[in-house]
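Colleague: My questions will all concern the structure given below.
The values are calculated or read from the model by the stated rules, or taken from the named source; none is laboratory data. The shown structure was predicted, so the numbers you read here are calculated from the model rather than taken from an experiment. Note: ideal-geometry Cβ built from the backbone for every residue, glycine included; neighbour counts use all protein chains shown.
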Amino acid sequence: MDMSQGNRILVDARGIACPGPITEVVKAYRNARNGDLIEVWATDPGFEPDIRAWIQRTGNQLLELRKESDKIVAVIKVTAKK
Amino acid sequence: MSSGKDKISMIVFSGTEDRLIPVGVISQAATALGYEVNIFFTGWAMFKLLKNPTPPVWPKEFEQFVPKLQEGMARIKAPTWLDMLREAKKMGAKVYVCSMMASAAGLKKEDFDPSLVDDVVGVTTFLEMAKGGQVLFI
């Protein structure tokens, strides 16, 4: 097991319409390792349910999902990489 | 959890812009999620994949809404359906052209944009690829 602390990856998907934000998350996820944190910024109104669906599908961990005045922020902990 | 077995196949027939948009959206999202994606272009939609594609067409009954829709798509910076299809292809989506319609139109594999079309195949091939997955007729 890799005991080192994971990286924090920022995905700025603001201003990108569906299905862009999830596509950007998947691209970041492909290069990520277990233990990494992916923070996503999005403005697409479908992002909130979509990221929940993605989490459910992939089995990663959603640490945070909050609405700010100008964006939705999700913090994902990568745990399901094989 | 992803089983790696999810699969969606689309038969794209109509070829009007309003229907090509969901082809782009669904293929990009599905490939990003790890679905196997097979898209079979036939009918009028097939001509959109030519090296010299046919110009955009909208259904008559919605024509009055088109400028507003295009304005909205530009505002949310939505990519074109073709950009979304290219994105899906980068992630593994496969695009096929119906051999029967291609023959009927006098078109050969060389007439299609090779950056878009993986192969010209018969419906048997498509049905075999689609077997066991979801199929959409668009």
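Colleague: From the list B:69, B:33, which residue is over 19 Å from the mean Cα position of the chain (by Cα) and surrounded by 14 or more Cβ atoms within 10 Å (Cβ to Cβ)?
Modeller: Numbers: B:33 fails: over 19 Å from the mean Cα position of the chain (by Cα).
None of the others qualify; the one that does is B:69.
Colleague: Taking into account only those residues within segment A:30-64 that are surrounded by 14 or more Cβ atoms within 10 Å (Cβ to Cβ), within 13 Å of chain B (Cβ to nearest Cβ) and assigned to a loop (DSSP other than H, G, I, E, B), which is nearest to the chain's Cα centre (by Cα)?
Modeller: Out of the qualifying residues, it is A:60.
Colleague: For the subset of segment B:122-137 comprising residues that are free of Cβ contacts under 8 Å to residues at least 60 places away in the same chain and not in a helix (DSSP H, G or I), which member is surrounded by the most Cβ atoms within 10 Å (Cβ to Cβ)?
Modeller: B:122
Colleague: Another question, if that's okay. Checking the conditions here, which among A:77, A:67, A:27 is more than 14 Å from every other protein chain (Cβ to nearest Cβ), without any contact (Cβ under 8 Å) to a residue 40 or more places away in the chain and basic (Lys, Arg)? Before you say what the answer is, go through the steps one by one.
Modeller: Numbers: A:77 fails: without any contact (Cβ under 8 Å) to a residue 40 or more places away in the chain; A:27 fails: more than 14 Å from every other protein chain (Cβ to nearest Cβ).
Result: A:67 is the single residue among A:77, A:67, A:27 that is more than 14 Å from every other protein chain (Cβ to nearest Cβ), without any contact (Cβ under 8 Å) to a residue 40 or more places away in the chain and basic (Lys, Arg).
Colleague: Just to be sure before I move on: is residue B:89 of a type in the set (Lys, Arg) and part of a helix (DSSP H, G or I) in the structure I sent?
Modeller: yes
Colleague: Does at least one position in segment B:87-96 carry a residue that is touching a helix residue (DSSP H, G or I) at 6+ places or on another chain (Cβ under 6 Å), closer than 30 Å to residue B:6 by Cβ and surrounded by fewer than 19 Cβ atoms within 10 Å (Cβ to Cβ)?
Modeller: yes
Colleague: Can you give me the number of residues within segment A:5-19 that are closer than 19 Å to residue A:75 by Cβ and either at pLDDT 95 or above or not β-branched (Val, Ile, Thr) (or both)? Quick ask: steps written out before the conclusion?
Modeller: First pass over segment A:5-19, keeping only residues closer than 19 Å to residue A:75 by Cβ: A:5-14, A:16.
Now restrict to residues that are either at pLDDT 95 or above or not β-branched (Val, Ile, Thr) (or both): A:5-14.
So the answer is 10.
Colleague: Another question about this same structure. If you check B:122, B:106, B:92, which single one turns out to be among the small types (Gly, Ala, Ser) and within 14 Å of chain A (Cβ to nearest Cβ)?
Modeller: B:92
Colleague: From the list A:81, A:67, A:77, A:27, pick out the single residue that is surrounded by fewer than 19 Cβ atoms within 10 Å (Cβ to Cβ), among the basic types (Lys, Arg) and in contact with a Lys or Arg (Cβ under 7 Å, 6 or more places away or on another chain).
Modeller: A:81
Colleague: Another one. Which count do you get for residues in segment B:28-84 that are more than 12 Å from chain A (Cβ to nearest Cβ) and of a type in the set (Ser, Thr, Tyr)?
Modeller: Here the count works out to 2.
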